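Worksheet: one structure, shown below.
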Amino acid sequence: MKRFLIWFALMSAFGLAVLYSGRVWAQEPTPSDDEVNAVAKGLYCPVCENIPLDVCPTQACAQWRDLIREKLAAGWNDQQIKDYFVTQYGDRVLAEPPRRGLNWIVYILPPLITLGGAALVILVLRKMRRTVPAAPVSMPQPTPGVENTPIDEYMQRFEEELRKRKN
Amino acid sequence: MIPTFGYSVLVITFVLAIYGAGAAAAGALLRWPVWVKSARSAMLLTFPLISLSALSIIYLLVTNHYDVQFVYNVTSNSMPYYLKVTALWGGQAGSLVFWCWLMSAFASAVTLRKWDRDSEFLPWVIVVALVTLAFFLGLVIFVENPFVRFWQTPGGQQIVAMFQPAGAIPIAPPDGRGLNPLLRHPGMIIHPPMLYLGFVSFVIPYSFAIAALVTGRTDDRWIRLTRRWTLVAWLFLSLGLILGSRWAYDVLGWGGYWGWDPVEIAAFMPWLTGTAFLHSVMIQEKRGLFKRWNIVLIILTYDLVIFGTFLTRSGVLSSVHAFAQSAIGPLFFGFIALTFGVSLGLLLYRWNILRAEGQMHSLLSRESLFLFNNLLFMGILAVCFWGVIFPLVSELFSGQKVTVGPPFYERSTGPLFAGLLFLMGVAPLAAWRHSTAKTLGKAIWKPFSASLLLVVALFILGIRGVALLGFWLAAWVTFVTLYEYGRGVMARHRRSGESLPVALWNLAARNRRRYGGYIIHLGIVLMALGVIGIEIFQTETQGTIRQGQSLTLGKYAVTYKSLAEFDTPDGRNVARAVVDVSRDGRYLGELHPRRDYYYESQQPMTIPGVRSTMEEDIYVLLVDWQPISSQGATFKVYHNPLINWLWLGGFVFILGTLVAAWPDKDPEEEKMRVSQPVVVPGRV
């Protein structure tokens, strides 16, 4: 009898498990991998350089992802987990430098340089337009009153041919 | 014996390079043509010599000479032959020799051309080429020597040295460490050579610019001479970047193609200045403007090329690519500072004679728009440069290490790239010299209206925001470019009666640079489509599933069918999963994501199974967060819309560059063939 009861209990437990697992597509540990990845995406591997935490293949990163999973399960949100990592490992775990102190340089300098460049370009353009316009290239014109020598004629035709070829 | 031979040859070449540079300079300054000839011979001799050295390294690699440290580091018994050859650039020392090999090849090719009208440039081109070559040879000889060997001293110590220490005996380990598994992919085999070809060939236009400065030649001769070199250099650099991103997508396992890694950026920066230079020189050729700016651009490109090689090789900014730290850093930094200083000094010395020949007429002229194009490229350069440098600056000044990652770059460069796309749609229709808003508007309104119609259609389909802007820009540029082609073809057709396909062919053939350039722009538009698709619309999911179970991502389901695990003869353990992909319940196909584990280097690699169509990629990775078995495995599924337009665009881009760079028949020859015989009156 005892044996039967134990067997029955085990089978029921097994049966219930099968029933429930048949309901979902995939085995989802809570929180799911996708939720862990969503947080890990915004963090960088504290050890290996320049590799985001969601794709880093090392053991250390695997442990950190498990840590994220724990924290998510405990009800922490995205920002709290990020702050936790920053306190533990420093600013380098964030995908970009936090906006404080010296770090403002990297945010301000490039737009400043571009705007400065734009100002320079406009100044240069203005300056180049204000300079005295270059004298137009003179074509040999037959001067009135002076006989048009054959050389002048040939020179004119020569200049014309030259212009035609240039275009 | 072979290591000593290979090393000695390099030392000889080093001395030869220094001699050649000195002789060329002396010959030019003191007007002794004999010295210049001697320098030329020295230049030509460097290529066969370095070839001997490079071939020695390859021989050592292929014959498993593990007593040589470099061979030990990059090869192993189980590697196939072709990989052993390509291992030449699989490590720091070998790739520096490879760089020298390419540099001497290109410099020799330049030296062998006809110099009749430009013989005053020759000595200075040789000086620059040989000084650069000597620097890299010096690095190899004194710092990163691929020929050093393992020895055991009488005291039992294991050391590494070039020449045999007293009483020591050589040690030859039975097997090598093997090439980094990440490098054993076809893309990775040609990506470094392509990049190096690009880097090395940009030295040539730079050397001509320096020659022009030194000899005081203020015209655009140096630009015309190096026009094709610049295009070829740009072609190789672009190809190297595209191949690198394809490799990253195929193999690095994060479903992306560009990670804003410092080393990627290091190769991207000379590309930025190079592209700005390509556009800007057209203005100097057409209007005689921006002479000083063009010199600044090519100086920047050269030093960014050296800087790029420095970033990849010195390990000063650790990244996915970096190899071990070495003493190379300060030497590179010194060389860059020196060349930058000297080049700028020369420019300032010649500042006054580099006056503009013409003037700017209007803000909307093509010259002006090219200037804005340059501005945007410089802006992107500023973002990249600061992003790469800042972690060092931060560490230096505040002790805090920070990461400057993709969000920073994407946000900062996004608007600038959008601006460039916009300009690509305006500049082709802007006139040289005089252009007002009215004339420009008249030229533009047809393709512009067409692009707006498309935008409305996309809006109705539900596209919003940045994606809508991106698609509009793509449509805008496409319509303008096709409009330009259409106008050109119709003009030819009407004038000469050629059929439309013939007219198209002749149009491009007669003006390769312009119409090749338009094809390149179309290529960029296609690439932009791919970028928009994957950056804005990518979705992903991850989960651990048992055999028979599925992961869903939107309309797609990925079902785990089976797993095979086996060892391969080249030293890795492969776990190969079979998954089925279906959409809306309909079966699409089978994919085989793999996890390769390399025993020697103890490194895993994930190779995705990908189903590619022009519409999207379904990209499935076998992730080993959990142990992989047939009971359960973790899969990550990415849905990457439009990504294949990126690769197609890359292909069109390269095609366009080939069209632009294709040699024209010599224009003088052509005219002689078609002209009528001249009849001189009075003579028979």
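Just so you know, all these numbers are worked out from the coordinates, no wet-lab data involved. Predicted, not measured: the structure shown is a model, and the values here were computed from it. Here the Cβ is made from the backbone with ideal geometry for all residues, glycine too, and neighbour counts use every protein chain on show.
Check which residues have an amide H placed less than 5 Å from residue B:162's amide H, if you skip close sequence neighbours.
Those qualifying (amide H under 5 Å, at least 5 residues apart or on another chain) are B:149.
Which value at 222 nm does chain B reach when only helices count, each DSSP H run of 4 or more adding -39,500 (n - 2.57), with the total divided by all residues and rounded to the nearest 500 deg cm²/dmol?
Estimated from H runs of four or more residues: -21000 deg cm²/dmol.
Kindly count the pairs of lysines across chain B whose alpha carbons are less than 26 Å apart, treating pairs on different chains or eight or more residues apart as eligible.
For chain B, qualifying lysine pairs total 12.
Explain nothing, just compute: Karplus ³J(HN,Hα) = 6.51 cos²θ - 1.76 cosθ + 1.60, θ = phi - 60°, for every residue of the range B:143-157 in order, whole Hz, x for Gly and Pro.
Those phi angles translate into 10, 10, 8, x, 9, 5, 10, 7, 9, 10, 6, x, x, x, 7 Hz.
Hey, can you grab everything whose amide H is under 5 Å from the amide H of residue B:362? Only 5+ residues off in sequence or another chain; H modelled, so Pro and N-termini drop out.
Amide H to amide H, under 5 Å and 5 or more residues apart or across chains, residue B:362 pairs with B:435.
Karplus couplings for the range B:401-415 from phi (6.51 cos²θ - 1.76 cosθ + 1.60, θ = phi - 60°), rounded to Hz, Gly and Pro as x?
8, 10, 10, 9, x, x, x, 4, 5, 5, 5, 7, 8, x, x
In which sequence would B:592, B:521 go, from the one with the fewest C-beta neighbours within 10 Å to the one with the most?
B:592, B:521
I'd like the distance separating the alpha-carbon centroids of the range A:31-81 and the range B:212-268, in whole Å.
Measuring centre to centre over Cα atoms gives 36 Å.
For an R0 of 30 angstrom, estimate the FRET efficiency from the Cβ-Cβ distance between residue B:562 and residue B:62 and round to the nearest 0.05.
That gives a FRET efficiency of 0.20.
Rounding to the nearest 20 debye, state how big the charge dipole of the protein assembly as shown is about its Cα centre with +1 on each Lys and Arg Cβ and -1 on each Asp and Glu Cβ.
I would put it at about 2300 debye.
Treat every Asp and Glu Cβ in the range B:315-462 as -1 and every Lys and Arg Cβ as +1, leave all other atoms uncharged, and give the resulting dipole magnitude about the Cα centre to the nearest 20 debye.
500 debye
Sort out for me the Cα centre separation of the range B:467-507 from the range B:137-168, rounded to whole Å.
That distance is 63 Å.
Give me the distance in nm between label points sitting 7 Å out from Cα along the Cα-to-Cβ direction at residue A:79 and residue A:151, one decimal.
Using points 7 Å along Cα→Cβ, the separation is 8.9 nm.
For residue B:496 and residue B:85 in one chain, what is 0.36 nm times their gap in residues minus the Cα-Cα distance, to one decimal in nm?
142.5 nm
In what order do B:118, B:219, A:54 fall by count of nearby beta-carbon atoms within 10 Å, going from fewest to most?
Going from sparsest to densest Cβ surroundings: B:219, B:118, A:54.
Is the protein assembly as shown rounded, prolate or oblate when judged by the Cα gyration tensor, a ≥ b ≥ c being the square roots of its eigenvalues, rounded requiring a/c under 1.5 and prolate requiring a/b larger than b/c?
oblate
So what J values fall out for the range B:232-248 if you push phi through Karplus, 6.51 cos²θ - 1.76 cosθ + 1.60 with θ = phi - 60°, rounded to Hz, Gly and Pro as x?
5, 4, 5, 4, 5, 5, 4, 4, x, 5, 5, 4, x, 6, 5, 4, 4
Name the long-range amide H neighbours of residue A:53: under 5 Å, sequence gap of 5 or more, or other chain; modelled H, no Pro or chain starts.
For residue A:53, whose amide H was placed from the backbone, the distant partners under 5 Å are A:43, A:44, A:45.
I need the peptides B:203-211, B:613-621 ranked by packing, meaning the mean over residues of other C-beta atoms within 10 angstrom, with the highest value on top.
B:203-211, B:613-621
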